[in-house]
Structures are given as C-alpha cells and as structure tokens.
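Each remark here refers to the structure printed beneath this line.
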Amino acid sequence: MSHAKPGEGPGATVDPVELAALLSPYRGRRGAALPALEAVQARYGYVPYPALAVAAETLGILPAELFGVASFYEEFRFSPPGAHTIAVCTGTSCHLAGAPQTLAALAAELKIKPGETTPDGQFTLTEVSCPGPCAIGPAVLVDKQPRGRVTPESVVQLLAALRDKQG
C-alpha cells in the first residue's frame, strides 16, 4: 500500500450528499457492491474510507461488508495513486521474457514494493496478470499506455523521462 494513511491525500474529502447522488442508481441494491465501488473509485481515483460508509448506507449493507468486497478485489485501492502508475505484466509470456527482473529493478529504483506509492506521490508500482501485448514482453503499462521490451537496464531511462515530463 502507499505511504499515505487511509483517507488522506487528494480526494479524501468526501461530500456525502454528492456521493449519495452519484450512487443513487444503486440505492437499496445489496448486490450492486462492485458497480458502486467502481463509481467511487472513478470519482476519487481510489476508495476513501469515508466513502465506504456512504456507499454502504446507500446499498443497505454494513460498511465492514462493503470493505470485505473492496479488499477482495485487487483493482480497488484505499489510498491515492501516484501521479504516474507503472504496472508490470507478470503473466507467463512476460515472466519468461524477464518481467521479474524488470519489476525488481523498478522497485529498487523507486525504493518501493509493488502495490506502494512513492513518498512524494509521483509513482505507484503495481503488477498485472496480462494486459495483452504478449509479443512485446516484458510489457509495462505506464499510465495505462503499453511499453514493450522494458528491461532492468531501460528502467532508469523510463523513470527519468517520466520525471522530466513533470518538469
């Protein structure tokens, strides 16, 4: 997880009225936990803990129940993502092409583990199973854009280019 505490960071202020309006299509629909959580994450970039209470009330379930659903699925985050998200494919093709070494190089360069965000909030490092571009493995998604044949050696240049963009 990121270094931010739960509910801190950009978007942590939850307007219960606005959120209830956003979630109104799911009112009383206990089985709509996934689309409700997706709507929350689309709005804030993650699922702030205060939003869980509002969403649970809207659905008619306990907040702990909704947290259980959200924490089961890897797609839901409980802390703000970094300005740049770097997702390394660890599927079979990319694994065989060197993804573990690329992931280790990124983690070492960023000084974080997969699933964490750098303390400055600039980078979030994640793993994905297979985003699709198997022929160019190891594949890395940088802000959802595929990059192919990323090697431990090219990681430094990749991160430098992203840092330069931030200027």
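Read-outs: derived from the displayed coordinates by stated rules, not from any lab. Note that the coordinates shown come from a computational prediction; the quantities given were computed from them, not determined experimentally. Here the Cβ is made from the backbone with ideal geometry for all residues, glycine too, and neighbour counts use every protein chain on show.
Details
- Global form of the chain, assessed from the alpha-carbon gyration tensor, a/c cut-off 1.5: prolate
- Nearest-ten-degree value, helix 155-166 long axis tilted from longest Cα axis of the chain: 50
- Residue of Gly45, Gly68, Gly121 that the Gaussian network model of the chain assigns the largest fluctuation, springs spanning Cα pairs under 10 Å: Gly68
- Computed from Cα positions, the angle between helix 49-59 and the longest principal axis of the chain comes to roughly 50 degrees.
- Comparing Glu109, Glu74, Glu18 in a Gaussian network model of the chain where C-alpha atoms under 10 Å apart are linked, the largest mean-square fluctuation is found at Glu18.
- Residue of Phe123, Phe78, Phe67 that the Gaussian network model of the chain assigns the largest fluctuation, springs spanning Cα pairs under 10 Å: Phe67
- Taking 4.7 Å between C-beta atoms as the pairing limit, the chain has these partnerless cysteines: Cys130, Cys134.
- A dipole drawn for region 20-78 from +1 and -1 charges on Cβ atoms has a positive end, and of Tyr44, Ile61, Ser24 the residue lying farthest that way is Ser24.
- Taking the Cα centre of the chain as reference, the dipole from Cβ charges on Lys and Arg (+1) and Asp and Glu (-1) amounts to some 200 debye.
- Gyration tensor verdict on region 16-72 (Cα atoms; rounded if a/c is under 1.5, prolate if a/b is larger than b/c, oblate otherwise): rounded
- Lys, Arg +1 and Asp, Glu -1 on Cβ, resulting dipole of region 84-166 about Cα centre, debye, nearest 20: 120
- Taking Cα atoms only, the orientation of helix 63-72 departs from the longest principal axis of the chain by about 20 degrees.
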